[in-house]
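Accompanying notes for the structure given below.
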Amino acid sequence: MTPSTEDPMLARARELALAALFCALGITVPMLFHVVGLGRTFLPMHLPVLLAAIVLRPPMAVLVGMLTPWASMLLTGMPPLPIAVVMCVELSVLGGVVSGVRLTGAPVWLAVVAGIAARIGVTWVITTALAGYLKLPPAAVGFASVLAGTPGIVLQLVVGPAAALALLRRQPQSAPPG
């Protein structure tokens, strides 16, 4: 993370454009996964948010995580409303933690692991709370929710850092936060 030496307005415009691109990818990538029946298992909306968090500053990464599920729900109908609320929280945490850890100068892989761990923690808390409210066994529902996303977590751990390194190599030196 180097301080920006370019025009601040240009840097802000670049960051907004990247945020919009990652939001758009957060809508289209899940559509492609759902076409072949792999949507929920591989957590495809998480990938663009994860990549956004690696190259954007925390406030913008959180915004991408927050807006992407809502934009997708409004444009495609997925995720459905109750899931969109949960995903909004999950993806905001994922984006904020990954980007925040990157600001410390930590390696990409560590930021990705920290973000995924935080996102899993949030998923656990939300699903167990909802399960208790619905009179379901909270621990079983929380465990099932996290376990169902295991292939997606593995995909994020493999693809996230590899794609991020490619993105960071192509990014101008002064661009945040890379």
Task: Equivalent ellipsoid, region 1-156 (semi-axes from 5 times Cα gyration tensor eigenvalues, Å) - done: 28, 18, 13
TODO: Using Cα pairs closer than 8 Å and at least 6 residues apart in sequence, work out the relative contact order for the chain, in percent.
DONE: 29
- [ ] Have a look at region 86-169 and give its Rg and Dmax from the Cα atoms, expressed in angstrom.
- [x] 14.4, 50
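Taking neighbour counts of Cβ atoms within 10 Å as a proxy for exposure, in what order, fewest first, do 23, 88 appear?
Starting with the residue having the fewest Cβ neighbours, the order is 88, 23.
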- [ ] Give me the distance in nm between label points sitting 7 Å out from Cα along the Cα-to-Cβ direction at residue 24 and residue 41, one decimal.
- [x] 3.0
TODO: Using the Karplus curve 6.51 cos²θ - 1.76 cosθ + 1.60 with θ = phi - 60°, work out ³J(HN,Hα) for each residue of region 78-84 in order, rounded to whole Hz, and write x for Gly and Pro.
DONE: 10, x, x, 3, x, 6, 4
Open item on the list: Order these by the 10 Å Cβ neighbour count, fewest first: 6, 90, 15.
Closed with: 6, 15, 90
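In µm²/s, what is D for region 113-160 at 4 °C and 1.567 mPa s, where D = kT/(6 pi eta Rh) by Stokes-Einstein and Rh is the Kirkwood radius from Cα pairs?
After rounding, the answer is 117 µm²/s.
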TODO: At 7 Å along the Cα-to-beta-carbon direction for both residue 147 and residue 13, put a label point, then send me their distance in nm to one decimal.
DONE: 5.2
TODO: Mind computing the radius of gyration and Dmax over the alpha-carbon atoms of region 1-72? Å is fine for both.
DONE: 13.7, 46
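FYI, it's all coordinate maths here, none of it is from the lab. Keep in mind that this is a model prediction, so the values were computed, not measured. Neighbour counts run over all protein chains shown; Cβ positions are idealised from the backbone, glycine included.
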